[in-house]
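Report on the following structure.
The values are calculated or read from the model by the stated rules, or taken from the named source; none is laboratory data. Small disclaimer: the values here were computed from a predicted structure and weren't measured. Backbone-built Cβ (ideal geometry, glycine too); neighbour counts: all protein chains shown.
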Amino acid sequence: MTRYLTPDSDLVALMILAHQTRLHNLISRVNWETRLALDQEASMSESLGVQAATWSGSTRDRIYSAVEKLLRSMLFTDEIPREAPVQGTSAFAMELAAAGPRDKIGRSLRDLDLKRRMFRYPCSFLIYSEAFDALPKAALDYFYRRLWDVLNGKDKDNAFATLTTSDRKAILDILRETKANLPGYWRASGE
């Protein structure tokens with residue numbers, strides 16, 4: 001028996017690993033930047049002997065900038081379209097897809113495309129991760145508001161132009177049915 005189960009690597013598994021590594025690094029960055037910015041804001045207010053009613057521009061910019069990078073990566077805004085289909089060499093792709101929560105019509109953020117892009121619904125399944133859910137409230141609040149604006153088409157930034165109307169609606173529907181702890185305005189039909 002050899003040390004390795006197969007003589008080659010599963011390209012799909014390596015792509016997912018790269019995605020997960022990048023996203024977990026960005027989640028860690030948002031966590032760090034937010035905590036540091038808020039701590040420094042509190043220290044500055046304390047040293048000045050004032051109660052800060054709102055964040056300083058610097059604090060807000062630090063948090064929002066870090067969250068924006070995470071949001072864009074979660075929505076695959078920098079993904080290069082596939083020139084040819086990608087295929088793995090193991091059952092990894094099927095196992096990955098089977099592991100995710102599904103909405104009432106069977107869609108999951110783990111559904112792979114592998115023909116024109118990595119995932120069928122371009123929103124990372126790491127939105128379900130413990131690391132993501134453990135982000136500071138300030139970062140999560142801003143992330144969810146930005147994601148809401150993007151998925152509803154309120155955000156017209158060209159960075160999100162690759163998300164079609166049907167992509168946005170599918171992601172919104174899937175998250176509404178499968179993601180716990182969404183803000184209340186996500187559940188309301190009128191907004």
Of all residues making up region 46-90, the number that are surrounded by 11 or more Cβ atoms within 10 Å (Cβ to Cβ), of a type outside the set (D, E, K, R) and within 21 Å of the chain's Cα centre (by Cα)
12
Evaluation of Ile27 against (1) in a helix (DSSP H, G or I); (2) farther than 22 Å from Arg146 by Cβ; (3) under 20 Å from the mean Cα position of the chain (by Cα) (one fails), failing number
(2)
Over 12 Å from the mean Cα position of the chain (by Cα), outside any helix (DSSP H, G or I) and over 20 Å from Arg22 (Cβ atoms): is that true of Leu182 in this structure?
yes
Please go through region 151-167 and give me each residue that is in a helix (DSSP H, G or I) and either touching a His at 6+ places or on another chain (Cβ under 7 Å) or more than 15 Å from Arg72 (Cβ to Cβ) (or both), ordered by number.
Thr165, Ser166
Within region 89-133, residues being out of contact with any strand residue (DSSP E or B) (no Cβ under 9 Å at 6 or more places or on another chain) and in a loop (DSSP other than H, G, I, E, B) number 22
Residues to consider are Ala139, Ala134; find the one that is within 26 Å of Met15 (Cβ to Cβ) and of a type outside the set (Val, Ile, Thr).
Ala134
Those residues of region 30-60 which are acidic (Asp, Glu), under 23 Å from Tyr144 (Cα atoms) and at pLDDT below 95, in sequence order:
Asp39, Glu41
Filter pass, Thr21 being exposed (fewer than 11 other Cβ atoms within 10 Å of the Cβ), hydroxyl-bearing (Ser, Thr, Tyr) and not in a loop (DSSP other than H, G, I, E, B)
yes
